[in-house]
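Enquirer: There's a structure below that I have some questions on.
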Amino acid sequence: MKKTLAILLAMMMAFSAVALAVAADFDVTQEGTEYSVTSPTTVEFVSIPKEGGKDVKMAPQGGCSIEALYDGQLVREATGFATNGIVLFQNQGFGVDSDLALVPEFAFVMDYGKEVSFDTAYFTIYHEIKSCIAIPGDKQVIVETSDDGNVWVPVGDGIFYFNADVDEFVDGVDDKEIVECAVYLGEDVSARYVRYTYTFMPVPEGGYWQYHTNIYEWCGFTELGVATWTGGEEPEVLDAETAGKEPTEVEGSWIGDDGVETKIMTFVNNAGDKKVDVTVYDSEAYLESGIDAAVVDQYTATYSVVGDKLVITYEDGSIDRMSAVIDEEGDLTLGVGSDAVTYSPYEAPAPVEMSGVWFNVTEGVVTVVDFDTAGVMKMIVFEEADFEENGLDGEGVAMEFAYTAAHNHIAVDMEGEIEKLYVSYDGDNLVLDDKELPLTFAPYVPKAPEVSEEESSEPEEESSEEPETSTEASTPATSAPAESSAATSDDGGDNTLMIVLIAVAAVVIIAAVVVLVIKRKK
């Protein structure tokens, strides 16, 4: 009996020791800062290939398994990549001629079994450039948390940089090294599930340090966990500038076309509150009608820029991460390779300026539109004869409509029904077109006041009082007013004829407009 109890006790102690080893806490010090690290209970490796790309393959070394990443047994030294405790990850789509747009990502999903608190992401990486094993791309890790392991929320902006001083390679010098990374997040975080996402180091132009070109083939890790700062030097969040990544300035409006959709994206940074407004059009429709085309989608999201990475977070919690580069011409390119879309700086067209008084004559009806009051279109309809005789002082039917001006049209509110009238000019005339019936309005010029016969005869009386010195000299003086009067009469006749002709044409157009408005109201 005692022997049986001893065996059970030994088994329980052994099980407890294993459990403690799997979910162990250990202390580390990095650059004078002390941390307490907590290992997860399990780690799941996730390959994230791009569409058309290939998977990432896990390759534990020295007979170990993925458990080496969370057993709390730190690998401090390595004689090579085959050292027990190193777990390698291979981009199976690598090659000299590989499309960098297809370089995959990979992630570690850590389950702590219960909610834990931390402020630091902890992991150790192995690199050996001679064997094409490099640190993760751009020295970046994406940190996210989850309550259920399905819905993920980014910590801060999601992307964090880490110190890994391996930027230079000297041929002939042993570069086998394990680098410890304690990445301070700048805030206290609590979660059961934590996810770290990485990508592979891209190949710089001319080859990676002019040595091996397939550096995006492998990454190596030896330990994963979360940590809490406990003492020593106060840690700092390594920002993009410190990491040598100047943030891309994307503020402003941009327009891009991927062949299917045309997007206008407006990035606004209001005292740190960063929002992006997106309007989406069908590309063909936009080419035909510009911003007056039907809107396919319209939404607002928040965004952040970390180095040359743009992170857009949508209202449903989903996230897009893409590279963001502005070239010398000022164009913004989002994404890389076949997924890249180039956006040009966009300036919204200025709204049309509506002003002045205009008239149109159609079939005996004169319609006058007055835009002298901002945002208000005043319309008066006269009988042609009345308008000819009295102008705007005649007896007309007056209406008033509110309108808003866009870049090439005005949207008129006709008792709750919005009528879109496109604005253009034909010489000095104003053309309002609802895509069914263009209406041409001429500028309205008020009639000059009529001069009475008594007023026009006064100069003749004054001239008749000239001295009797020369009859010949007085002849031009008396005949000049007569000639001037005749000329004025001829001009008046021409103007009257022109007005009549314009009035007849305008009446026809106005009648059509009135009919159109009545039909639409019905």
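Enquirer: Where nothing but the Cβ of Lys and Arg (+1) and of Asp and Glu (-1) is charged, how large is the charge dipole of region 252-345 around its Cα centre, in debye to the nearest 20?
Expert: Numbers: 5 positive and 19 negative charges, 100 e Å.
Charge dipole of region 252-345: 480 debye, to the nearest 20.
Enquirer: So if I restrict to the alpha-carbon atoms in region 252-345, what is the Rg, and what is Dmax, the biggest pairwise distance, in Å?
Expert: Here Rg and the maximum Cα pair distance are 13.3, 38 Å.
Enquirer: Extending each Cα 7 Å along its Cβ direction at residue 285 and residue 115, get the distance between those two points in nm, one decimal.
Expert: 4.6
Enquirer: Here's another thing I want to ask about it. May I ask you to derive the FRET efficiency for residue 179 and residue 67 from their Cβ-Cβ distance with R0 = 30 Å, giving the value to the nearest 0.05? Before the final figure, lay out the partial values.
Expert: Values: r = 21 Å, r/R0 = 0.71.
Working from the Cβ atoms, E equals 0.90.
Enquirer: In whole Å, how far is the Cα centre of region 103-154 from that of region 343-400?
Expert: Centre-to-centre (Cα) distance: 66 Å.
Enquirer: Once you put a point 7 Å from the Cα of residue 352 and another 7 Å from the Cα of residue 277, both along the Cβ direction, what distance in nm separates them?
Expert: If labels sit at residue 352 and residue 277, their model points lie 2.2 nm apart.
Enquirer: At q = 0.12 Å⁻¹, what base-10 log of I(q)/I(0) does the Debye formula yield for region 288-415 when every alpha carbon is treated as an equal point scatterer in vacuo?
Expert: So the normalised log intensities are -0.70.
Enquirer: Let me ask something additional. May I ask which residue of 280, 270, 318 lies farthest towards the positive end of the charge dipole of region 252-345, with charges of +1 (Lys, Arg) and -1 (Asp, Glu) on Cβ and the Cα centre as origin?
Expert: It is 270, whose Cα lies furthest towards the positive end.
Enquirer: A further question on this structure: Holding the Cα-Cα limit at 27 Å, pick out from 54/130; 378/447; 50/139; 54/309; 57/275 the pairs that are longer than that. It would help to have the intermediate numbers written out before the result.
Expert: Numbers: 54/130 23 Å; 378/447 20 Å; 50/139 20 Å; 54/309 23 Å; 57/275 38 Å.
Violating the 27 Å Cα-Cα cut-off are 57/275.
The numbers here are math on the coordinates, done by the rules we state, and not lab data. Quick caveat: nothing in here was measured; it's all calculated off a predicted structure. Quick reminder, even Gly has a Cβ in these numbers, built from the backbone with ideal geometry, and neighbours come from all protein chains shown.
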